[in-house]
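Notes to accompany the following structure.
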Amino acid sequence: MTAMNDILILAIESSCDETAASVVKNGREVLSNIISSQIDIHTLYGGVVPEIASRKHIERINRVVTAALEEAHVKKEDLTAIAVTYGPGLVGALLVGVSFAKAYAWALKKPLIGVHHIEGHICANYIENKELEPPFMCLVVSGGHSHLVKVVDYGEYEILGRTRDDAAGEAFDKVARAIGLGYPGGPKIDKVSCEGDPAAIEFPRAKIVDNEYDFSFSGLKSAVLNYLNSMEMKGEPIVREDVAASFQQAVVDVLVGHSMAALEEYGFKKFAIAGGVASNSHLRKAMEEECAERQIEFYRPSPIFCTDNAAMIGVAGYYEYIKGVRTDWTCNAVPNLKLGER
């Protein structure tokens, strides 16, 4: 049920291979969350093919937006504003969402709000945790991003650490491919590692000298590939469950270690995780245990809100809207957009 003074945001997300649309009411209530995934298509190629992703977004976006409005029982004329991811991401994929959102907002004479994709992931934590408010610390881990962020206020962030090379999710995909699990790597490694020994193989945990909170997973990925090559050359059997479990443990150790060290240094008592890798069961369990030991409140979105979705963009768009942020018609896709930039 909606009232006259409710703020209704139609949100669109198309930064990678999910075409998504959502209607969010007053920043915290998701009325609809439609996600059209392309995983089955890109699995054939072992990863996301940007050109195919863009074409599929074009095919699906109108139907997805229509379905979001129907599920929310909201007429397009009753919308308050249109929010859309404009970066970072695949430039062609972003352009589809941005172009559609601009046309939709123009036709309806509604405000347009460009939203940063990583900000959306952070804001996913507000959906199911109504009590959560800044300031808090958030770890964003996905296929393209590994960020440790101080959430100072709504829309105000300070990055403590970021990836220097491969993001955590990217490393999961590459290692999964190397041990024959295929794409997408994260869920498959998570599942297979349950049958393996996380202490079977000692893989490295990288530390960055000039910023202890930055991440690097390319060395870990290379260590896994070197291990596989070495075992193959020696003719020794490879237990992929052990490889998956040991690799995953190394990633989890780094993510947890950096997060706990930052929480201790900055004195935060609230901590959240976000992004696709945040749905990893081993990471969630490890974070929960470490936070409980330190008496830190731990927040994590349900897996459906960890993956790329438009509901999180709608939440972020709401807080931008009430701050008075409006995006003009020159809005364009920005594939390498940094958090905090506009």
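Taken together, the values in this text are just the output of simple stated rules run on the coordinates, not laboratory data. Keep in mind the model is a prediction, meaning the values are calculated, not measured. Neighbour counts run over all protein chains shown; Cβ positions are idealised from the backbone, glycine included.
State the volume of the convex hull built on the alpha-carbon positions of the range 134-300, expressed per residue in Å³ and rounded to an integer.
Per-residue hull volume (Cα only) is 104 Å³.
Among all the lysines, which ones have a C-alpha under 20 Å from Lys76's C-alpha, if same-chain residues fewer than 8 places away are not counted?
Filter leaves Lys25, Lys102, Lys109, Lys110.
Need the full-extension length gain, Glu288 to Glu131, defined as separation in residues times 0.36 nm minus the C-alpha distance. One decimal, nm.
Difference between extended and current length: 54.7 nm.
Count the DSSP beta bridges whose two residues both fall in the chain, then state the antiparallel fraction as a percent rounded to the nearest 5. Don't skip to the end; give the middle numbers.
Values: 26 of 43 bridges.
Looking only at bridges with both residues in the chain, the antiparallel portion is about 60 percent.
Per the helix-only calculation at 222 nm, which mean residue ellipticity applies to the chain, given -39500 (n - 2.57) for every DSSP H run of n ≥ 4 and division by its residues, nearest 500 deg cm²/dmol?
Values: 12 runs with 149 residues, N = 342.
That comes out to -13500 deg cm²/dmol.
DSSP loop (so not H, G, I, E, B), at most 15 other Cβ within 10 Å: list which GluC sites (Glu not before Pro) in the range 233-342 pass both filters.
Those that pass, being in a loop and sparsely packed, are Glu341.
Given a Förster radius of 22 Å and the C-beta distance between Glu158 and Ala206 as r, what FRET efficiency does 1/(1 + (r/R0)^6) yield to the nearest 0.05?
The computed FRET efficiency comes out at 0.45.
Rounded to the nearest 5, what % of DSSP beta bridges with both residues in the range 134-300 are antiparallel?
60
Which whole-number percentage describes the relative contact order of the range 243-342, with Cα contacts under 8 Å and a sequence gap of 6 or more?
24
Expressed in whole Å with the largest first, what are the equivalent ellipsoid semi-axes of the range 56-155 derived from the C-alpha gyration tensor as the square root of 5 times each eigenvalue?
26, 18, 13
Given an 8 Å cut-off on Cα distances and at least 6 residues of separation, report the relative contact order of the range 210-292 as a percent.
Relative contact order of the range 210-292: 31 percent.
If you rank Ser36, Ser14 by fewest surrounding Cβ atoms within 10 Å, what's the result? Don't skip to the end; give the middle numbers.
On the way: Ser36 18, Ser14 36.
So the residues, fewest neighbours to most, are Ser36, Ser14.
For the range 96-180, which trypsin sites (Lys or Arg not before Pro) are in a loop by DSSP, counting at most 13 other Cβ atoms within 10 Å?
Hits after loop and neighbour filter: Lys109, Lys130.
If a helix is a whole DSSP H run, which ones in the chain reach 27 Å or further along their own axis (Cα) and hold a mean Kyte-Doolittle hydropathy of at least -1.0?
50-72, 240-266
Taking the Cα-to-Cβ direction at Val325 and at Glu265 and moving 7 Å from each Cα, how far apart do the two end points lie in nm?
Output for this residue pair reads 2.6 nm.
Can you work out the FRET efficiency for the pair Ala67 and Ala103, with r the C-beta to C-beta distance and R0 = 22 Å, to the nearest 0.05?
0.75
With just the Cα atoms defining each centre, how far is the range 275-327 from the range 13-79? Give it in Å.
Taking the Cα centre of each part, the range 275-327 and the range 13-79 sit 19 Å apart.
Hey, could you grab the Kirkwood Rh for the chain? Inverse mean 1/r over distinct alpha carbon pairs, Å, one decimal.
20.5
Mind giving me the FRET efficiency for Arg177 and Asp78? R0 is 51 Å, r the Cβ-Cβ distance, nearest 0.05 is fine.
Numbers: r = 46 Å, r/R0 = 0.90.
So the FRET efficiency works out to roughly 0.65.
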